[in-house]
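The values are calculated or read from the model by the stated rules, or taken from the named source; none is laboratory data. The structure presented is a predicted model; accordingly, all values stated were derived computationally and were not measured. Quick reminder, even Gly has a Cβ in these numbers, built from the backbone with ideal geometry, and neighbours come from all protein chains shown. These area figures cover heavy atoms from the full protein model, side chains too; ligands, DNA and RNA do not enter into them. Shrake-Rupley method; radii C 1.70, N 1.55, O 1.52, S 1.80 Å.
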Amino acid sequence: MKAWLKYSIVTATVALLCGGVLILRHHSNEDKALIACRDMEISIKGEHQFVTEADVRAYILNGYGQVAGQKIDSIRLFRIEEMLDSKSAILKSEAWTTRDGILHVSIEQRNPVARFDRQGGGFYVDDRGGIFPLHGTYTAPVPVIKGSIPVSTSPGYRGMAPKPEERIWIGSILNLLGFMERDREWRGKFPTMSVGANGDIVLQPAEGREKFIFGPPDNFEAKFSRITEYYSRIAPSKEEGYYSSVNVKYNNQIVCRK
């Protein structure tokens, strides 16, 4: 077969295939334009209960509008995602439609690792250091830090802390919480922390009267070593609840007060 004839046959075949694809796509788009949305399927990722299926349906109804009965190719999916992503407890959303008339919505919740309570309103911090508001009906079972929180955000704030030193401080608190969580001896030992006016971290054990003045959130190993020494050598020599505070923030010192 001559080269020009072979080339012509190949070209014609490719043109027919492309034409067939375009025709199928045209019919597919026409079919999709006739499909009405008949329902939503919502999946929510995350172990917490900040967002429910009913919440998502209400968000879409109030923030976007009624989707049932609307042609699926006219639903503005990016607007739905943008609106859902603006909700404080939602990290990321994804919306798409299928030819059976279903609007699918996938929600990834934020994962709080600490709650900060302070005068004027508290907030959660997620595992990335991001701040988001407390929830009206759900409280996450995470460690609580109370007192003079050195973060200058207004109620309802969402995002990273505005100042570099605030972001560093939050990061150091998360490092402290991570240190305790990784160590079997300290995991769950101090469910509540407080921050004094001078910036000292104070640890309150789940059992016992003593409050441990930890100082700034640094030198974890050395300070917890001093707490271990208190429990193993000092506390057994006194009756239970004898000391009200134990200061471990100074190098090579354990200062106990009644």
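Based solely on C-alpha atoms, express the radius of gyration and the Dmax of segment 122-258 in angstrom.
Cα only, segment 122-258: 16.0, 49 Å (Rg, Dmax).
When the Karplus curve 6.51 cos²θ - 1.76 cosθ + 1.60 is applied with θ = phi - 60°, which whole-Hz ³J(HN,Hα) does each residue of segment 187-201 get, with x for Gly and Pro?
Whole-Hz 3J(HN,Hα) from phi for segment 187-201: 4, x, 6, 10, x, 10, 10, 9, 10, x, 4, 8, x, 5, 7.
Test of the criteria: in segment 164-238, which GluC sites (Glu not before Pro) are in a DSSP loop and have at most 14 other Cβ atoms within 10 angstrom of their Cβ?
Glu185, Glu207
Okay, helix-only estimate at 222 nm for the chain: each DSSP H run of n ≥ 4 adds -39500 (n - 2.57), divide by all residues, round to 500 deg cm²/dmol; what do you get?
Mean residue ellipticity at 222 nm (helix-derived): -10500 deg cm²/dmol.
Cα atoms only, the chain: Rg and Dmax in Å?
Rg then Dmax for the chain, in Å: 29.2, 106.
So how many Lys-Lys pairs in segment 114-243 land under 27 Å Cα to Cα, not counting same-chain pairs under 8 apart?
Number of lysine pairs found: 10.
I'd like the Karplus ³J(HN,Hα) series for segment 139-146: coefficients 6.51, -1.76, 1.60, θ = phi - 60°, whole numbers in Hz, and an x wherever there's a Gly or Pro.
10, 6, x, 10, x, 10, 10, 10
Could you order Asp127, Asp218 so the one with the most accessible surface comes first? Probe is 1.4 Å.
Values: Asp127 90, Asp218 60 Å².
Order by accessible area, largest first: Asp127, Asp218.
What range in the chain is the longest one free of chymotrypsin sites (Phe, Trp or Tyr not before Pro) that are in a loop by DSSP and have at most 14 other Cβ atoms within 10 angstrom?
1-137
Subtracting the Cα-Cα distance from 0.36 nm times the residue separation, let me have the gained length for Glu108 to Thr228 in nm, one decimal.
Numbers: separation 120, 0.36 × 120 = 43.20 nm, distance 3.97 nm.
Extra length available between Glu108 and Thr228 comes to 39.2 nm.
Could you tell me which helices of the chain pass both thresholds, a Cα extent of 18 Å or more along their own axis and a mean Kyte-Doolittle hydropathy of at least -1.0, with helices taken as whole DSSP H runs?
Helices passing the filter in the chain: 3-34, 164-182.
For segment 252-258, what does the Karplus curve 6.51 cos²θ - 1.76 cosθ + 1.60, with θ = phi - 60°, yield as ³J(HN,Hα) per residue in whole Hz, taken in order and with x for Gly and Pro?
These are the phi-based 3J(HN,Hα) values: 6, 9, 10, 9, 9, 10, 6 Hz.
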